[in-house]
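Participant: Pasting in a structure now, in structure tokens, and then I'll have a few things to ask.
The values are calculated or read from the model by the stated rules, or taken from the named source; none is laboratory data. Everything numeric here is computed off the predicted structure, so don't read it as measured data. In this analysis, Cβ positions are derived from the backbone assuming ideal geometry, glycine residues included, and neighbour counts consider all displayed protein chains. For the accessible areas, the whole protein counts, side chains as well, though only heavy atoms, and no ligand, DNA or RNA atoms are used. Shrake-Rupley method; radii C 1.70, N 1.55, O 1.52, S 1.80 Å.
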Amino acid sequence: MENRTYTADAEPGDHVTVAGWVHEIRDLGGIAFLILRDKSGKIQIKFEKDEMDEDLVETGLGVHRESVISVTGDVEEEERAPTGVEMLPESIDVLNEADAELPLDPSGKVEAELSTRLDNRTLDLRKEEVKAVFEIRAEMLRSVREYFRDIACTEINTPKIVATGTEGGTELFPITYFGEEAFMNQSPQLFKQLMVGSGLERVFEIGPIFRAEEHNTPRHLNEATSIDFEAAFTDHQEAMDVCEGAVKAAYRGIAENCERELEALGFEDFEVPEEDFPRLSYEEAIERVNATGELDTQLVYGDDLSTEAEKALGQDVGGHYFVTDWPSEIKPFYIKDHEDDESLSTGFDLMHPRLELVSGGQREHRYDELIEGFKQQGLDPDAFEYYTKMFKYGMPPHAGFGLGAERLLMTILGLENIREAVLFPRDRQRLSP
Ligand code: ATP
Ligand code: MG
């Protein structure tokens, strides 16, 4: 729209046209106020009924809430106005009138259930604190991208329609691809690994992953966004350094660039983790969980860390931490075992006190061992020939990780449910919108 001024840029003495949504109309009798909202904020528009054109007053005050209008007029200083300025309208254009009845109250005065909010996401995102989540999400991804670019990584995009899944199993969504069975990819794992043997060497991808998991939890989506990193001549320790760097970069970017959004979300001070994330071995983690006395049944070596165990350990550690040196059989076949102890994997998880954020590790780059790994996992190596054969033509040692973007956002902002960290969640019940 030509000559449109954002409400936040309207200064006393300006003659402007603002455009946005009718947030509220307050009629006090002789005087009335219309609050107009746009991406940048809000502005008060004053109607002095006796002194203004009747039609103008009628148009301005007769319009339903959430209608889209544009208003032209002078901006004046007004101490009593919420933003310290107000506009005196000369003309008003109703661009699209909203229904009188709304399925959701964007002013937030009437609270709505999450499912109502998700069904009406457009209206939901007119709320300052909901919009803030997605402005922060954008900044989080920008900061992470910048971090990876600074450490010489190339951003890639790998196929999401694939012939075989990364780890096989029942977690794949099948689709029909020109009459053939295909799947939605559950992870860019194999493709990003192929790139470390290419001329690109160091890559990252921010893209969708699809998991046909049946569970319905506050931390699982069936379509999520994964922040993936993979680099040649890198071991698991270096991959953990990068992982820690990426997470801290996200916090820092938000702290520096999202002051207004953090305020809208009620943050009084927003803490950027500065300390090194401790690296606990799996064995230490098990002992530490058991020592908390929080679990009904003590863990034994070889158990995966249950949700309860993660919670107890998170409370005990009190911040982000890595779990390293997992028993090999718990971790996927493409993760390398320690050279001096084959019962231990180089796989690692980065944990937030609330939940798992990352899985990573050093990868198996030796052809024979890789084929053996497929067989042990019960997968047919022939089905993965496009992947395995490249390991015969010069595949360097490499490592990497996958970081869930929605989980990162929900832990940074303390969101209760992962569905709040994604615009249009896909879960067991939700395929639309
Ligand atoms: P979990 O055990 O918590 O279900 P996972 O170990 O199956 O996760 P990975 O395959 O290790 O997950 O994926 C790497 C990262 O991707 C996870 O640490 C998590 O941050 C994210 N992620 C994986 N699955 C999901 C999902 N269904 N919804 C949201 N994020 C996910
Ligand atoms: Mg994992």
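Participant: If contacts are Cα pairs under 8 angstrom and at least 6 residues apart, what is the relative contact order of segment 244-332 in percent? Spell out each step's value before the answer.
Facilitator: Numbers: 64 pairs, mean separation 28.9, N = 89.
Averaging sequence separation for qualifying contacts and normalising by length gives 32 percent for segment 244-332.
Participant: Where a ≥ b ≥ c are the square roots of the eigenvalues of the C-alpha gyration tensor, would you call segment 108-206 rounded, which needs a/c under 1.5, or, failing that, prolate if a/b is larger than b/c, or oblate?
Facilitator: On the way: a/c = 3.68, a/b = 1.40, b/c = 2.64.
It is oblate, given that a/c is not under 1.5 and a/b is not larger than b/c.
Participant: Along Cα→Cβ, 7 Å out, is where each label goes; now give me the distance between the ones at Glu284 and Arg252 in nm to one decimal.
Facilitator: Result: 2.5 nm between the two label points.
Participant: Which of rounded, prolate, oblate describes segment 7-96, given a ≥ b ≥ c as roots of the alpha-carbon gyration tensor eigenvalues and a/c under 1.5 marking rounded, otherwise prolate only if a/b is larger than b/c?
Facilitator: Rounded, because the longest to shortest axis ratio a/c is under 1.5.
Participant: Okay, moving on. Using only protein heavy atoms and a 1.4 Å probe, report how much of Lys311 is accessible, in Å² to the nearest 10.
Facilitator: For Lys311, solvent-accessible area is about 130 Å².
Participant: Sticking with this structure for a sec: Based on Cα positions only, what radius of gyration and what Dmax would you give for the chain, in angstroms?
Facilitator: 26.8, 88
Participant: Among 238-244, 425-431, how do they line up from the highest to the lowest mean number of other beta-carbon atoms within 10 Å?
Facilitator: Numbers: 238-244: 20.0, 425-431: 14.7.
Going from most to least packed, we get 238-244, 425-431.
Participant: Dipole size in debye (nearest 20) for segment 7-96 around its Cα centre, Lys and Arg Cβ +1, Asp and Glu Cβ -1?
Facilitator: Values: 8 positive and 22 negative charges, 115 e Å.
The calculation lands at about 560 debye.
Participant: Further question: What do you get for chymotrypsin sites (Phe, Trp or Tyr not before Pro) in segment 157-259 restricted to DSSP loop and a cutoff of at most 15 other Cβ within 10 Å of the site's Cβ?
Facilitator: Numbers: sites: Tyr177, Phe178, Phe183, Phe191, Phe204, Phe210, Phe229, Phe233, Tyr251; in loops: Phe178, Phe233.
Passing sites in segment 157-259 are Phe178, Phe233.
Participant: Mean Kyte-Doolittle of at least -1.0 and a Cα length of 18 Å or more along the axis: which whole DSSP H helices of the chain meet both?
Facilitator: Span-like helices in the chain: 128-150, 236-257.
Participant: Under a point-charge model restricted to the Cβ atoms of Lys and Arg (+1) and Asp and Glu (-1), what is the dipole moment magnitude of the chain relative to its Cα centre, in debye to the nearest 20?
Facilitator: Here the chain has a charge dipole of around 1140 debye.
Participant: With the cut-off at 1.5 for a/c, could you classify segment 199-352 from its C-alpha gyration tensor as rounded, prolate or oblate? It would help to have the intermediate numbers written out before the result.
Facilitator: Working: a/c = 1.56, a/b = 1.19, b/c = 1.32.
Oblate, because a/c is 1.5 or more while a/b does not exceed b/c.
Participant: Could you tell me how far the Cα centroid of segment 168-228 sits from the Cα centroid of segment 128-165, in Å?
Facilitator: Comparing the Cα centres of segment 128-165 and segment 168-228, I get a distance of 15 Å.
Participant: Same structure, new question: Can you find, among Gly41, His15, Ser70, the residue farthest towards the positive end of the dipole of segment 7-96? Put +1 on the C-beta of Lys and Arg, -1 on that of Asp and Glu.
Facilitator: Final value for the positive-end residue is Gly41.
Participant: Place a point 7 Å from the Cα of Glu238 along the Cα-to-Cβ direction; which residues of segment 182-203 have their backbone N under 12 Å from it?
Facilitator: 201-203
Participant: In segment 291-339, which GluC sites (Glu not before Pro) fall in coil by DSSP and have 10 or fewer other Cβ atoms within 10 Å? Present the calculation step by step, with values, prior to reporting the outcome.
Facilitator: Values: sites: Glu294, Glu308, Glu310, Glu329, Glu339; in loops: Glu294, Glu339.
For GluC sites (Glu not before Pro) across segment 291-339 that sit outside H, G, I, E and B with at most 10 neighbouring Cβ atoms in 10 Å, the list reads Glu339.
Participant: Can you pull out the chymotrypsin sites (Phe, Trp or Tyr not before Pro) in segment 344-433 that DSSP calls coil and that have at most 13 other Cβ atoms within 10 Å? Could you put the intermediate results ahead of the total?
Facilitator: On the way: sites: Phe348, Tyr367, Phe374, Phe384, Tyr386, Tyr387, Phe391, Tyr393, Phe401; in loops: Tyr393.
When the chymotrypsin sites (Phe, Trp or Tyr not before Pro) of segment 344-433 are filtered for loop state and at most 13 Cβ neighbours within 10 Å, Tyr393 remain.
Participant: If you rank Trp326, Trp21 by how much accessible surface each has, with a 1.4 Å probe, what is the order from largest down?
Facilitator: Working: Trp326 5, Trp21 85 Å².
Output order, biggest surface exposure first: Trp21, Trp326.
Participant: Considering only Cα-Cα distances, which of the following residue pairs are longer than 31 Å: Lys160/Lys336; Lys311/Lys392; Lys39/Lys160; Lys331/Lys392?
Facilitator: Result: Lys311/Lys392; Lys39/Lys160 exceed 31 Å.
Participant: On a straight-distance basis, which lysines could pair with Lys46 in a cross-link, Cα separation under 30 angstrom, same-chain partners fewer than 8 positions away excluded?
Facilitator: Straight-line reach from Lys46, under 30 Å: Lys109, Lys127, Lys131.
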